[in-house]
Amino acid sequence: MAVVKANAYGHGSVALSAAALKSGAAALGVSSLEEGIALRESEIKAKILILGSIFPLENLEVAAGYGLTPTISSAQGLAQLVRLGRQRRERLAFHLKVDTGMGRVGISPLSARALLEKIAQRNEVRCEGIYTHFACADCDREYTQSQRAAFLPVIAFAKKLGLRFDAHASNSAALLSGGNALFDMVRPGLILYGLLPFEGAEKKIKVSPVLSWKTRIVFIKKVPRGMSISYGRTFSTSRQSLIATLPVGYADGYSRRLSGKAHVLIRGRRCPVVGRVTMDMIMVDVTGIPGAAIGDEAVLIGTQSGETITAEELAARAGTINYEITCSISSRVPRIVV
Ligand SMILES: *Cc1c(COP(=O)(O)O)cnc(C)c1O
């Protein structure tokens, strides 16, 4: 299952879903009903699992209407799906989510037994999958193994009841840390996009990032020494400077936390972001970049003439993780598939 939630981690879910399916993914995973609908409206016919908890009744009905598979993790949710199945005279498929230690959504392994017994008696619904999610696959092997150990008896019990389903657990980190949790299906997100979930993962798999984020210089000016740049006057030039303006800001997902901290690549050189990131623009110091001019490509993430800025670098500078950097690239930034 290719996880394409959050607009495929900011990459563009329609194009990336199509690529994943073409490459052999059996299903897609999204977070919400809305994300699933967006894929259906783009003529994606594959199985789509809604990984998040959705609001019951009205939303279950909408999900059924679009042929989206919901996640069920309570007796109440199951009862509502059964009622809907009866109403629609359809055997509605779902996946059961078991919380083995993530502490987010899912039924506890203990309560799962009673629920599975109910499921086995119901013709209105079909349990196509049973899954759990790891909290520390990137950092705590022992805890991951304890989650796996809690998941195993649930699967065994469901099989004993005669249910036929795909068991799944592994996200990218679990896949790379080799915890023997492959089961019938895996759910990678991050690594599909050529990004790695923890330091050292590059020793396990070689990937390269799918995404580059580029803009162009839209304005350029020579300013005297002592001129302040941007809101709050947090930066002033220490010399006569050439300052370029780029049409990208925090409304595009270029975090305000990068104010005064990040670089962009122009003409193959690193240029510091100076002053605060504003909603729609940032300023960069291009003093000493020979020939810097309006229209020059500026790379925010990616490679230019052998120099590279990674999502990980921006994440470190903004105090977050690579996931958040690409997920934050907002909808007003055009995605161009190459
Ligand atoms: C996001 C998510 C994944 C994918 O996680 P990655 O770390 O991106 O591989 C898998 N399963 C669930 C339930 C998720 O929410």
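Overview of values
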quantity	calculated
In order through region 173-187: 3J(HN,Hα) via Karplus (6.51 cos²θ - 1.76 cosθ + 1.60), integer Hz, x for Gly, Pro	4, 5, 4, 7, 9, x, x, 6, 10, 6, 6, 8, 8, 10, 10
Set of aspartates and glutamates with alpha-carbon distance to Lys206 below 16 Å, sequence-local pairs under 8 removed	Glu312
Karplus-derived 3J(HN,Hα), 6.51/-1.76/1.60, for each residue of region 88-95, Hz, glycine and proline x	8, 6, 9, 8, 7, 7, 8, 10
Residues whose placed amide H lies under 5 Å from that of Ile72, excluding near-sequence neighbours	His95, Leu96, Lys97
Tensor-based shape of region 213-327 (alpha-carbon gyration tensor, a/c under 1.5 rounded, otherwise prolate or oblate)	oblate
Percent of Cα pairs exceeding the 28 Å cut-off, where the set is the chain	51 percent
Cβ-derived FRET efficiency at R0 22 Å, Phe198 paired with Arg257, nearest 0.05	0.55
Percent accessible area from carbon and sulfur atoms, the chain, protein chains only, probe 1.4 Å	53 percent
Surface accessible to a 1.4 Å probe, per residue, for the residues of region 2-198, Å²	45 Å²
Region 2-198, relative contact order in percent, only Cα pairs under 8 angstrom and at least six apart counted	16 percent
Solvent-accessible surface ranking, highest first, for Glu324, Glu58 at 1.4 angstrom	Glu58, Glu324
Cβ-based net charge around Phe157, under 15 Å, with every Lys or Arg adding one and every Asp or Glu removing one	+4
Expected 222 nm ellipticity per residue - DSSP helices of 4 or more, -39500 (n - 2.57), all of the chain, to 500	-8500 deg cm²/dmol
Candidate lysines for bridging to Lys97, where Cα separation is under 29 Å - those fewer than 8 sequence places away on the same chain excluded	Lys5, Lys22, Lys45, Lys47, Lys118, Lys159, Lys160, Lys204
Derived scalar couplings ³J(HN,Hα) [region 247-261; Karplus, 6.51 cos²θ - 1.76 cosθ + 1.60; whole Hz; x for Gly, Pro]	x, 8, x, 5, 6, 8, x, 8, 4, 5, 5, 8, 3, x, 10
Alpha-carbon centroids, region 39-73 and region 86-111: separation in whole Å	14 Å
Kirkwood hydrodynamic radius of region 2-198, Cα pairs, Å	17.0 Å
Extension gain, Val207 back to Arg335 (0.36 nm per residue minus Cα-Cα distance, nm)	44.0 nm
Label zone at Arg89, where the point sits 7 Å out along the Cα-to-Cβ direction: region 52-72 residues whose backbone N lies under 16 Å	none
Eligible lysines near Lys221 by straight Cα distance, threshold 26 Å, same-chain separation 8 or greater	Lys261
Gyration tensor (alpha-carbon) shape descriptor, region 270-325, a/c threshold 1.5	oblate
DSSP-loop trypsin sites (Lys or Arg not before Pro) across region 38-124, with at most 15 other Cβ within 10 angstrom	Lys45, Arg89, Arg91, Arg104
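The values are calculated or read from the model by the stated rules, or taken from the named source; none is laboratory data. None of these values were measured; they are calculated from a predicted model. Don't worry about glycine lacking a Cβ; one is built from the backbone with ideal geometry, like all the others, and counts go over all protein chains shown. Remember, those area values only see protein heavy atoms, side chains included, never the ligands or the DNA or RNA. Shrake-Rupley method; radii C 1.70, N 1.55, O 1.52, S 1.80 Å.
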